[in-house]
Each structure stands twice: as structure tokens, then as C-alpha cells.
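The values are calculated or read from the model by the stated rules, or taken from the named source; none is laboratory data. Here the structure is a predicted model, which means the values were calculated and not measured. Note: ideal-geometry Cβ built from the backbone for every residue, glycine included; neighbour counts use all protein chains shown.
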């Protein structure tokens, strides 16, 4: 066996139990500031549930996401029209990255301008509806594609809601992966497919031109930093072919600079002291498996399983080998203990577990 059957079963159960009747996946039920549903987290969770054989759960999330987007179609159209007329919208005017579980907009102060979640949703919904999709899904896709096509190169926050003012490689890569996936689906309007394909090509060109350093993916365009979120572009999203030189150099750099074997986000991470993230460890394992390193991938899975808590909950991160331990107490005082269970951690564990099972 490549992993723990009980932890796999529990991972499915904890996601099902924490899926709101609306279809939204709560990020974490025991961490106050995560009592919301993110497009980014939710799309990866839905993909994991699809792979795990829980298609009804994935469908409910995609339906929720579609309703959120359809309700905001006029806002997206207005933002694009204003921008085309020379009136540049401010970051606070854009769609939010997270929503209340009923689909309404949270009024809490948050670093909301992040477009990668919409690209990740396009990627996941295209994998779910590969032949045909219901009308409301088509309507949501047709609404959001022009929006992210227009704004993809606008500086934003990164995956971690940090580092404002940059064009992040993981963010635009997620958008490109989503646009490429949706551009091949016959159930999308021809004009939308064409626009998506052209924008994806432009994003790939931008990454090739300004998103590489030392042969690997950068944290943001024209910067030298490294961020493990770029692993998602290699696997599971496959925007970057896992066997390519860029993918191999990127995985090697993450392994050398950020993996112990649990994976840190980036070297400047001070959030809860900068621990090792389970979901990123699973992503590294997926990349290693795709590159033929089954033993390394298995070691990532084993490490994740060993960090499961007594009730089998998987936390967001663990406080081992902190990069900046002097910041840990500050975050605990501000927000309490580290989020656990984190549904995204369980989802990425499922994807790695099942990939290893299939690769026996």
C-alpha cells in the first residue's frame, strides 16, 4: 500500500462533512478567518474529490462557483469596460478571492485581489465537464473568461495573499492552465474559446520571457525568488511538462531550498513562523512521481501521514524547522492555533495518495 487507508477515508469524510449545503467548501471549520470558501482551495478540493470518486461533491462545488460568478457578471463586464476606456479599477474594486459559504461577498477587510483562483476553477471545471456542461456552468465560464483575459497581467497578491504589486508566476500560470483547458471544451462559445487560447499563449510567452531564472520558475516576473506554489503548474495542472528541463530545475530548486522533506512556502515566510505545509509537500510528491521518482513521492506521503493529528486531521502547516520562529507567537496570539483540519491539505493528500496507488 502507498498510504493509510484510514487517513484516505477520513480525508474524504472530512471534506464531505465540511461542505456547506450551498456546495461551498469551508477552508477550515476550526479557524475563524478561514470560515470562507476560496476559489483556489475549492477548485483543488473539487478535483481531489472527482479523482477520489466523489463526483457529486465536486459538482456541488462547481455549481456554487458558477452561481457566484453569474451573480457578478455585470461587475466583471463593467470592470473590463472601464479599463478599456482608460479608467483603471483599483484592486479593491475587483472580484474577491473568497466568499461567504452562501455565496455572498464578505465585508471583512482582506487582501482580495487574486485572479488565480478563477483560472484554477476553469482548469478544474474543464476536467469535470470534459464533454458537456450544464447551461449555468457555460454561462459562468463565458462570464469569467473575458474578465481574466483582460486583467491577467495586472499586479496582484500572490497565492498567500502577500507580496502585492507583482505579477506572480504561479498566479498567471494557474490562469493559463485554466484558459488552455477551457479553450478545448466544445461546450464553450467559440469566441470565448478563441480568446482563452490566445491569452494562454500570451501568458506562456510572458513566463518564457520573464518568468525564469537559472532555468527554473521564478516567484514573480523578473524577480529571483522561489516560491513552492509554482509546483502546481507542473503537477497537478501540467501547464509545464513534468519531464521538461524547466520542471526538473524547478523541482530541484524547491527540494534544495524549501524541502526538509516537508515543504516551506518561500524563504521569507513569517506566517506562524514559516512552517512546513502539508499541501505543498503533496504537490512536490506529485511532481516527483510525474518525474519517475516514486520513492521520493512515497516519502512525501509518509511524512504527511506522520503529521496527522490524533483525530486524523491534517493541519495547514507544522511548526517544525520554522524559518522565522520569532514570529510564531505573534500569529498564535492574533489568530489562535494553526488551522486544522485544512480541507486543502486533505485534498492534496488524496491526490498524492491516489496517484501513488495508480502508479503501483
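Say we look at segment 109-128 and pick out the residues that are over 12 Å from the mean Cα position of the chain (by Cα) and either in a loop (DSSP other than H, G, I, E, B) or at pLDDT below 95 (or both); which of these is nearest to residue 174 (Cα to Cα)?
As a first pass, look at segment 109-128 and keep what is over 12 Å from the mean Cα position of the chain (by Cα): 109-113, 125-128.
Retained after the next criterion (residues that are either in a loop (DSSP other than H, G, I, E, B) or at pLDDT below 95 (or both)): 109-113.
Numbers: 109: 25, 110: 21, 111: 18, 112: 17, 113: 15 Å.
That would be 113.
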| query | Counting just the residues of segment 222-249 that are in contact with a strand residue (DSSP E or B) (Cβ under 6 Å, 6 or more places away or on another chain) and within 26 Å of residue 306 (Cβ to Cβ), which one comes out surrounded by the fewest Cβ atoms within 10 Å (Cβ to Cβ)? | reply | 228
| task | Could you list, in sequence order, all residues of segment 84-99 that are in a loop (DSSP other than H, G, I, E, B) and either on the phi > 0 side of the Ramachandran plot or surrounded by fewer than 18 Cβ atoms within 10 Å (Cβ to Cβ) (or both)? | result | 85, 86, 87, 88, 89, 90
| remark: In segment 256-270, anything surrounded by 22 or more Cβ atoms within 10 Å (Cβ to Cβ) and in a helix (DSSP H, G or I) is listed as 258
| query | In this structure, does residue 246 turn out to be in a helix (DSSP H, G or I), touching a helix residue (DSSP H, G or I) at 6+ places or on another chain (Cβ under 7 Å) and over 25 Å from residue 275 (Cα atoms)? | reply | no
| query | Before we move on, is residue 319 out of contact with any helix residue (DSSP H, G or I) (no Cβ under 7 Å at 6 or more places or on another chain), surrounded by fewer than 20 Cβ atoms within 10 Å (Cβ to Cβ) and more than 21 Å from residue 18 (Cβ to Cβ)? | reply | no
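Collect the residues in segment 140-191 that are in a helix (DSSP H, G or I) and over 16 Å from residue 123 (Cα atoms), keeping them in residue-number order. Even if it seems obvious, please write down each step before you answer.
Within segment 140-191, the first condition is being in a helix (DSSP H, G or I), and the residues that meet it are 140-151, 169-183, 190-191.
Correct list: 150, 151, 169, 190, 191.
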| said: I need the full set of residues from segment 322-360 which are under 21 Å from residue 29 (Cβ atoms) and either at pLDDT below 95 or surrounded by fewer than 18 Cβ atoms within 10 Å (Cβ to Cβ) (or both), in order please. | reply: 331, 332, 334, 335, 336, 337
